[in-house]
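Engineer: Dropping the structure in here first, questions after.
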Amino acid sequence: MARVVIDPITRIEGHLRIEVEVSRGRVKDAWSSGTLFRGIEIILKGRDPRDAWLVTQRICGVCPVPHGLTSVFALEDAAGVKPPLPAVIVRNLIEGTQYLHSHILWFYHLNGLDYVDIVSALKASPKEKSMKQVKEKLAAFVKRGQLGPFTNGYWGHPAYKLPPDINLVVVAHYLQALEMQAKASKLTAIFGGKMPMHMNTPPGGLTKPPTAEEIKAFSEGLKELKAFVNNVMYQDLLTLAPYYLDWAGIGKGVGNYLSWGVFDSAPASPESRFLPPGVLLKGKKRLEKASPEEVKEHVKHSFYRYSRPLNPAEGKTEPGFKKHDTEKTYSWLKAPRYDGKPMEVGPLARVLIAYHKNVKPVKKEVDALLEKLGHKGNPGILQSVLGRIAARVIESKLIVEEMEKWVADLEKEMKKKGARVYTGYKVPKKGEGIGLWEAPRGALGHWIRIKNSKIENYQCVVPTTWNASPRDDKHQRGPLEEALVGTPVHDPKKPLEVLRVVHSFDPCIACAVHVIDPRTNEVYRIRAV
Ligand code: NFE
Ligand code: MG
């Protein structure tokens, strides 16, 4: 029996500590700990409700857009205001750019190196000039002993399966993807004013109408991203997947999925969202309605003052750090549960829910991929590490396609006489509102309560809080913890397989908690006992 601690996990956002118990070559138990605390929800108390969408964007530099929008939806809900259609479309477009940024970054820079062996790429014998140049560049890196982002990889690990030539091609795409994710962020800035922390989607609509020049620039940039997603990222998925099909049977997790739905066709009509809301429970064929009333956050195993599980509408953020102890309290993340159940959120949840709801383009893409992988008619294989990878790529492909349509719609809307982008409203003296939306990493909810025109309480329940949560009051593991159980580990001192499961959730701890613990601020530590 070996206890392995990886702290911090690299190639994610924020500080995550994963502890696993390995016995006879498999993970027997797992603990996920968020080791930061930020207190954004506390900062918001007593402020003007109109500040919330700007403050909450500071939760995370990776996904400020969905935090900003979800906060806007919460205040719009409390104020009873609906933005005009062009504002709804612009919000979809900037959210879409955030998805493309996150998914490209994740596929290549965060997750890719768990499957692509950089050192093996040096054994490739490329014929093309461009590939020879990539190999020379890589060889020069290695020769200087400056692997930079490639330091500390488990290069040569037997779980790497790709031949050298394919490794080299994906390394070339890794470099190209650095430019692509930057381009996605530039597109966010065209309509958003800047990125990170966009500026122009306040409650009620937009600060200014999009201009014809902006629409044209956006549309051109989008074409480039579409070509990359379809011709490079999707093709890389098809190339890599056959070598890693065993990962379609690893890391299933809790098997419960939640989505609040994302990409509106009209304001405040979640059921008509392009990726619809829903709840899919293990062992049940029927999709259920997603209701925020069913959400409760548990804190028994978290560093907060204990209270019974609370719905976020009455939620509390009262830090109460005690010693890190996997038997008692071990995380700054709370444990959100839906009707008492741990729920996986994210691209896989959205894709499975849309598939069950028969959303045509989703069904078509999923079925086509399953057939290409030799698993026609078997969407069950997607409930796995490989499924999470596939879901991010499929989602990118679908979204880029829809975004082109939304740009055309926006152009049409803005040509209409009297086109408006803002609806005026009054901040209520007293009231409550909920914003439900989907960030790239999954279900995002903001709950606001207003009293005397100020924020009395504010709670965010964020994708990584769902996925990387610790145990709850009933001692049930969180989705990531559960997915780790059963994972094969070839060498506990080089737990590459553990990283694969963790990265498949694309965790973001800055989002998931809301002061860095200086004691865990190490570069990299593995402890094998
Ligand atoms: Ni910090 Fe985020 C996304 C949100 S959290 S990246 O996507 O909300 O997991
Ligand atoms: Mg919270």
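The values are calculated or read from the model by the stated rules, or taken from the named source; none is laboratory data. This is a predicted model, so every value here is computed, not measured. Note that we place each Cβ from the backbone using ideal geometry, even for glycine, and neighbour counts take in every protein chain shown. Accessible surface is based on the protein model in full, side chains and every heavy atom, while ligands, DNA and RNA are left aside. Shrake-Rupley method; radii C 1.70, N 1.55, O 1.52, S 1.80 Å.
Engineer: Is it the case that Arg337 is more than 16 Å from ligand 1 (Cβ to nearest atom), surrounded by 23 or more Cβ atoms within 10 Å (Cβ to Cβ) and either among the aliphatic types (A, V, I, L, M) or closer than 20 Å to Arg286 by Cα (or both)?
Structural biologist: Against the criterion (more than 16 Å from ligand 1 (Cβ to nearest atom), surrounded by 23 or more Cβ atoms within 10 Å (Cβ to Cβ) and either among the aliphatic types (A, V, I, L, M) or closer than 20 Å to Arg286 by Cα (or both)), Arg337 qualifies.
Engineer: When you check Asp506 against the structure, is it modelled with pLDDT of 95 or more and either within 16 Å of ligand 1 (Cβ to nearest atom) or open to solvent by 10 Å² or more (accessible area, probe 1.4 Å) (or both), yes or no?
Structural biologist: yes
Engineer: Additional query: Kindly provide the set of residues from segment 431-463 that are over 17 Å from Gly315 (Cβ atoms) and near ligand 1 (Cβ under 8 Å from one of its atoms), ordered by number.
Structural biologist: Ala439, Pro440, Arg441, Gly442
Engineer: Follow-up. Of everything in segment 509-525 that's more than 12 Å from Pro8 (Cα to Cα) and either surrounded by 19 or more Cβ atoms within 10 Å (Cβ to Cβ) or of a type in the set (D, E, K, R) (or both), which residue is modelled with the lowest pLDDT?
Structural biologist: By that ranking, first place goes to His514.
Engineer: Please name all residue pairs, on different chains or six or more residues apart, with Cβ atoms under 7 Å, provided the first residue is in segment 456-483 and is open to solvent by less than 10 Å² (accessible area, probe 1.4 Å) and the second residue is of a type in the set (D, E, K, R) and within 11 Å of ligand 2 (Cβ to nearest atom).
Structural biologist: Pairs found: Tyr458/Glu41; Gln459/Glu41; Cys460/Glu41; Val461/Glu297; Thr465/Lys334; Ser469/Lys334.
Engineer: Let me ask you something else. Ser269: of a type in the set (Ser, Thr, Tyr) and touching a strand residue (DSSP E or B) at 6+ places or on another chain (Cβ under 8 Å), yes or no?
Structural biologist: Against the criterion (of a type in the set (Ser, Thr, Tyr) and touching a strand residue (DSSP E or B) at 6+ places or on another chain (Cβ under 8 Å)), Ser269 does not qualify.
Engineer: Turning to a different aspect of this structure: Just to be sure before I move on: is Ala408 closer than 30 Å to Val351 by Cα and open to solvent by 20 Å² or more (accessible area, probe 1.4 Å) in the structure I sent?
Structural biologist: yes
Engineer: If the requirement is being modelled with pLDDT of 95 or more, open to solvent by 50 Å² or more (accessible area, probe 1.4 Å) and either among the polar types (S, T, N, Q) or in contact with a Phe, Trp or Tyr (Cβ under 9 Å, 6 or more places away or on another chain) (or both), which of these qualifies: Leu178, Leu187, Leu245?
Structural biologist: Answer to the check: Leu178.
Engineer: Quick one: which residue in Arg47, Arg38, Arg3, Arg17 is more than 16 Å from ligand 1 (Cβ to nearest atom), among the basic types (Lys, Arg), crowded, with 20+ Cβ neighbours inside 10 Å and not in a helix (DSSP H, G or I)?
Structural biologist: Details: Arg47 fails: crowded, with 20+ Cβ neighbours inside 10 Å; Arg38 fails: more than 16 Å from ligand 1 (Cβ to nearest atom); Arg3 fails: crowded, with 20+ Cβ neighbours inside 10 Å.
The unique qualifying residue is Arg17.
One line per residue, one yes/no per condition, for (1) open to solvent by 20 Å² or more (accessible area, probe 1.4 Å); (2) on the phi > 0 side of the Ramachandran plot; (3) in contact with a helix residue (DSSP H, G or I) (Cβ under 9 Å, 6 or more places away or on another chain):
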{"position": "Leu287", "(1), (2), (3)": "yes, no, yes"}
{"position": "Ser291", "(1), (2), (3)": "yes, no, no"}
{"position": "Val299", "(1), (2), (3)": "no, no, no"}
{"position": "Tyr306", "(1), (2), (3)": "yes, no, no"}
{"position": "Glu314", "(1), (2), (3)": "yes, no, no"}
{"position": "Thr329", "(1), (2), (3)": "no, no, no"}
{"position": "Glu344", "(1), (2), (3)": "no, no, yes"}
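Engineer: Only helices (runs of 4 or more DSSP H) wholly contained in segment 59-135 count here; list those with 1 or more residues that are open to solvent by 10 Å² or more (accessible area, probe 1.4 Å) and under 26 Å from Leu187 (Cβ atoms).
Structural biologist: Helices (runs of 4 or more DSSP H) meeting the threshold: 64-79, 85-104.
Engineer: For segment 255-264, what are the residues that are open to solvent by 10 Å² or more (accessible area, probe 1.4 Å) and within 26 Å of Thr487 (Cα to Cα)?
Structural biologist: Across segment 255-264, the qualifying residue is only Asn256.
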